[in-house]
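What follows is a short report on a single structure.
The values are calculated or read from the model by the stated rules, or taken from the named source; none is laboratory data. Not measured: the values here are computed from a predicted model. In this analysis, Cβ positions are derived from the backbone assuming ideal geometry, glycine residues included, and neighbour counts consider all displayed protein chains.
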Amino acid sequence: MDSRDLLDLIWVVPGLPLLGAVVLLFFGKRIGEPAAGWIATLMMTLSFAASVVAFLALRDLPADERFHGYDLFTWIPSGGFQVEMGFLADPLSITFILFVTGVGALIHLYSVGYMHGDPRYARFFAYLNLFAASMLVLVLGRNFLVTFLGWEGVGLCSYLLISFWFERNSAAVAGKKAFVTNRVGDFGFMLAMFLIFARLGSLDYGVMNEGAADLAQGTATGIALLLFLGAVGKSAQFPLHVWLPDAMEGPTPVSALIHAATMVTAGIFLVARAHPFFEASDSALTVVAWVGAGTAFFAASIALVQVDVKRVLAFSTISQLGYMFLALGVGAYGAAIFHVVTHAFFKATLFLGAGSVIHENADGQDMRTMGGLRKFMPYTSIAFIVAWLAIAGVPPFSGFWSKDEILAKAFFADDYGLWAIGTVTAALTAFYMGRTVYLVFFGNERFRAATADVAEEAAPEAPHVRDHAGSLESPIVMPYEEPAPARLDHDPHEAPPIMVAPVVILAVLGAVGGLLSLPFTSLEFLVHWLEPVFEGVEEIHADSFQSAFVLSTVSVVFAVVGIGVAVLLYRRGLTAPDADPLPKRLPGVSRVLEHDWYVDEGVSAAVAGPGRKGADWLSDGFDRQGVDGLVNGVATLVRQAGGGLRRVQSGLVRNYALGVVVGTAALLLYLLIRAG
Amino acid sequence: MTRLLAVEPTANYYLVLAAALFTIGAVGLLVRRNVLVMFMCVELMLNAANLTFVTFARELDDIGGQAIVFFTLVVAAAEVAVGLAIIVAIFRRRRGATADDIRLLRG
């Protein structure tokens, strides 16, 4: 078969997981425990195989012809508004489907072990498959509406999966929070689509590529910023990041899937896909870059003091996504996608590793009650440490290459401010991940039940049990109990092989993922592969090899300093669960950080205070008195006029006759006057 | 042909007569309360109008006026049939036929 014929079958890639989801939704109960998980995993694996075939087929085409669109059917045929259910295979979408299906398949495999014994086992895998299918539709869409279909599907599945254990109120609340926050972004996406259709007359990406450059400056900026609002919501950038830390309520494989393969990278994808609009507007690009850089620093600072292992990882994801937006904002699209891919590897490792730790720690997520697990979980800890070095930016692990690429591009694009923020954030990243690793895997063992009373003493200060102002439910992170006191009465042991294997594979990928695109001529495979997509985007070149080398050295130094401080502070673990040295040394700062810079509280207070007053006024002053008053006023007027006029209808025939006579006389008089 | 009147009657005479008849009918309709009498007043007004038509038909030498009178007569006949039936029904129901008492349809 010709490779173009093969690419016509690209719909198989999202089709397989969708089929799995449908089958499991209808027959899941009957299929039962291990089989349902295996079916879902098989679907993802087949989908990955199909993606690889698609990749090979696309690679056979000449570089400038690597855009293969295929329309399955006409989705909305209505006059001047035609939308095809079409898929587009190009280097960008193929890159995304490769790691979405690859990492997704490994997470599915891990879940087979992790979800063992859950009463809604099959349902979980149905949602998981649907999640992956939605993400694949999102990245493969040929026009904005198909992408939006996947976009909404991803939002729905995240809601279903975050609140999967909906018996817990906090999980239900977290799911709602994620859904509602995402709605804000979706609203931006929709407005952008309306604007695009109004200006270009089509939602097709091909039309966009040709028409975006000719748009008026203001229109391009408007479209770009509205699309970016959508991306901010989906990719959890400030100020719409609030849903992501709470999304930790979901089962850990879901967190891994959300953070690594699906969902949060959708925003990056959208900006990369719609780059013609952003390229047409310098101000939009500046906004993207600074929101990204600001979020990267902001989230990294919060991660410094978190005590919940999953919350650390959540804020680290927000921070890493900030790096990606920074890269997009300076026009380094290739670097952004590179970081998306490497981040998928090492963040999936971190999450699945954390999942194993939590699994073996009687579902406790509080790092203050862990420590020394290295001896009990050797494979998991090695994988976790590799991923830690990758995210911290230690060469030669993957994170170093991709993060360094972003920082170098920012520097050589003359955005020194962005570069400085990114470099400082790199040090923070190295520190908080080092802290996590040392608290979980090294130091003294604090997980035994003997220390339970100490843990309970420490509990009231734990930030995640504080009450939020207003009526919003406080997003409690601990499953089942508030601050998990240590309660392990036996030694923890290594996770079962089915859970270890995916973690180890992902860790290997996280270690060597940098090979995808080394910053040497002719070794930048991924960037070269993506070049046709970002045709016409001005490339950023290093001034010289020496300057690039110096920059890399600087970022490595920062990373090593971060790690060094973490090792110094946490080498021995904690003397007691409430004896974290960092808050002790910087009490004021860490109080602010523990409260996530008071963003949640601020939103709660704003909603409960002025927001509530505004809503009250709208409901009572505006709606009840204004709108209802107007309607009731018209009714009263009509009723009173009718009451007055009904006296005319006296029922006396002679009155009517008089009326006729008077009317006739008046008419005659009028005619006479006019004639005269 | 012998003259019965000292003056030759002109069209004006007929018109004045028609106006007088019409006024009698109109005023009668307004002031009388007996339904039957009011009904007759209506007939009077109709015929006053007929007289006007005929006068003008002759004066203008146009047959159209006389033709319209036939239509009026037909309509009047129909009206009489319906109206009398209603009046008979009223008389059967109640003792008198005072128009002011029949005011069920007041607002």
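Counting only residues that are farther than 16 Å from A:Val139 by Cα and at pLDDT 85 or above, give me the helices (runs of 4 or more DSSP H) lying completely in the stretch A:1-120 with at least 1 of them.
In the stretch A:1-120, A:12-31, A:33-60, A:91-114 are the helices (runs of 4 or more DSSP H) which contain 1 or more residues that are farther than 16 Å from A:Val139 by Cα and at pLDDT 85 or above.
Determine whether the stretch A:614-622 contains at least one residue that is of a type in the set (Ser, Thr, Tyr), more than 14 Å from chain B (Cβ to nearest Cβ) and touching a helix residue (DSSP H, G or I) at 6+ places or on another chain (Cβ under 6 Å).
Within the stretch A:614-622, none of the residues are of a type in the set (Ser, Thr, Tyr), more than 14 Å from chain B (Cβ to nearest Cβ) and touching a helix residue (DSSP H, G or I) at 6+ places or on another chain (Cβ under 6 Å).
Go through the stretch A:73-126 residue by residue and tally those that are over 27 Å from A:Leu506 (Cα atoms) and of a type in the set (A, V, I, L, M, F, W, C).
8
Conditions (1) surrounded by fewer than 23 Cβ atoms within 10 Å (Cβ to Cβ); (2) acidic (Asp, Glu), marked per residue:
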| site | (1), (2) |
| --- | --- |
| A:Met370 | no, no |
| A:Pro378 | yes, no |
| A:Ala383 | no, no |
| A:Gly393 | no, no |
| A:Lys409 | no, no |
| A:Asp415 | yes, yes |
| A:Ala426 | no, no |
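Would you call A:Ser134 in a helix (DSSP H, G or I) and closer than 22 Å to A:Phe351 by Cα?
When the stated conditions are applied, A:Ser134 passes them.
Please go through the stretch A:199-254 and give me each residue that is within 23 Å of the chain's Cα centre (by Cα) and of a type in the set (Gly, Ala, Ser), ordered by number.
Residues satisfying the conditions are A:Gly222, A:Ala224, A:Gly230, A:Ala231, A:Gly233, A:Ser235, A:Ala236, A:Ala247, A:Gly250.
Could we say that A:Gly322 is in a helix (DSSP H, G or I) and within 15 Å of A:Thr423 (Cα to Cα) here? Even if it seems obvious, please write down each step before you answer.
Working: in a helix (DSSP H, G or I): yes; within 15 Å of A:Thr423 (Cα to Cα): yes.
Against the criterion (in a helix (DSSP H, G or I) and within 15 Å of A:Thr423 (Cα to Cα)), A:Gly322 qualifies.
Give me the helices (runs of 4 or more DSSP H) completely within the stretch A:539-602, filtered to those with at least 3 residues that are over 23 Å from A:Ala296 (Cβ atoms) and out of contact with any Leu (no Cβ under 9 Å at 6 or more places or on another chain), ordered by residue number.
A:545-570
Please list, ordered by first then second residue, the pairs with beta carbon atoms under 7 Å, 6 or more apart or interchain, first in the stretch B:77-97 and among the β-branched types (Val, Ile, Thr), second assigned to a helix (DSSP H, G or I).
Matching pairs, first to second residue: B:Ile87/B:Val35; B:Ile87/B:Leu36; B:Ile87/B:Phe39; B:Ile90/B:Val35.
Pairs needed: first member in the stretch A:315-342, farther than 26 Å from A:Val305 by Cβ; second member anywhere, among the polar types (S, T, N, Q) and surrounded by fewer than 24 Cβ atoms within 10 Å (Cβ to Cβ); C-beta distance under 7 Å; at least 6 residues apart or different chains.
Hits for this filter: A:Gly329/A:Thr286.
Which of the residues spanning the stretch A:124-155 are within 13 Å of A:Ile258 (Cβ to Cβ) and of a type outside the set (Ser, Thr, Tyr)?
To start, the set of residues in the stretch A:124-155 that are within 13 Å of A:Ile258 (Cβ to Cβ) comprises A:127-128, A:131-132, A:134-135, A:154-155.
Listed by number, the residues that qualify are A:Leu128, A:Phe131, A:Ala132, A:Met135, A:Val154, A:Gly155.
Only one of these conditions is not met by A:Leu530: (1) of a type outside the set (D, E, K, R); (2) buried (at least 17 other Cβ atoms within 10 Å of the Cβ); (3) without any contact (Cβ under 8 Å) to a residue 12 or more places away in the chain. Which number is it?
Status for A:Leu530: all satisfied but (3).
Looking at (1) surrounded by 24 or more Cβ atoms within 10 Å (Cβ to Cβ); (2) out of contact with any Gly (no Cβ under 7 Å at 6 or more places or on another chain), find the lone condition where A:Glu279 falls short.
If we test A:Glu279 against (1) surrounded by 24 or more Cβ atoms within 10 Å (Cβ to Cβ); (2) out of contact with any Gly (no Cβ under 7 Å at 6 or more places or on another chain), just (1) comes out false.
Looking at the stretch A:647-659 only, could you name the residues that are exposed (fewer than 13 other Cβ atoms within 10 Å of the Cβ) and not charged (D, E, K, R)?
A:Val648, A:Gly659
Suppose the filter is surrounded by 11 or more Cβ atoms within 10 Å (Cβ to Cβ) and among the aliphatic types (A, V, I, L, M); does A:Ala666 pass it? So that I can check it myself, show each step before the final result.
Values: surrounded by 11 or more Cβ atoms within 10 Å (Cβ to Cβ): no; among the aliphatic types (A, V, I, L, M): yes.
Answer is no for this residue.
It is to be established whether one or more residues within the stretch A:333-354 are within 19 Å of A:Thr425 (Cα to Cα) and not in a helix (DSSP H, G or I).
No, because not a single residue in the stretch A:333-354 is within 19 Å of A:Thr425 (Cα to Cα) and not in a helix (DSSP H, G or I).
Hey, among the residues in the stretch A:1-16 that are among the charged types (D, E, K, R) and loosely packed, with under 15 Cβ neighbours inside 10 Å, which one's nearest to the chain's Cα centre (by Cα)? Give the steps one after another, and end with the answer.
Here is the first cut: in the stretch A:1-16, the residues among the charged types (D, E, K, R) are A:2, A:4-5, A:8.
Still in the running and loosely packed, with under 15 Cβ neighbours inside 10 Å: A:2, A:5.
Working: A:Asp2: 37, A:Asp5: 34 Å.
Selected residue: A:Asp5.
Residues in the stretch B:48-68: is at least one surrounded by 11 or more Cβ atoms within 10 Å (Cβ to Cβ), at negative phi and within 12 Å of chain A (Cβ to nearest Cβ)?
No, every residue in the stretch B:48-68 fails to be surrounded by 11 or more Cβ atoms within 10 Å (Cβ to Cβ), at negative phi and within 12 Å of chain A (Cβ to nearest Cβ).
Restricting attention to the stretch B:19-44, and to residues there that are under 10 Å from the mean Cα position of the chain (by Cα) and more than 13 Å from chain A (Cβ to nearest Cβ), which single residue is farthest from A:Leu652 (Cα to Cα)?
B:Leu21
Among the residues of the stretch A:639-676, what is the count of those that are over 29 Å from B:Leu36 (Cα atoms), at the interface with another protein chain (Cβ under 9 Å from one of its Cβ atoms) and not in a helix (DSSP H, G or I)?
0
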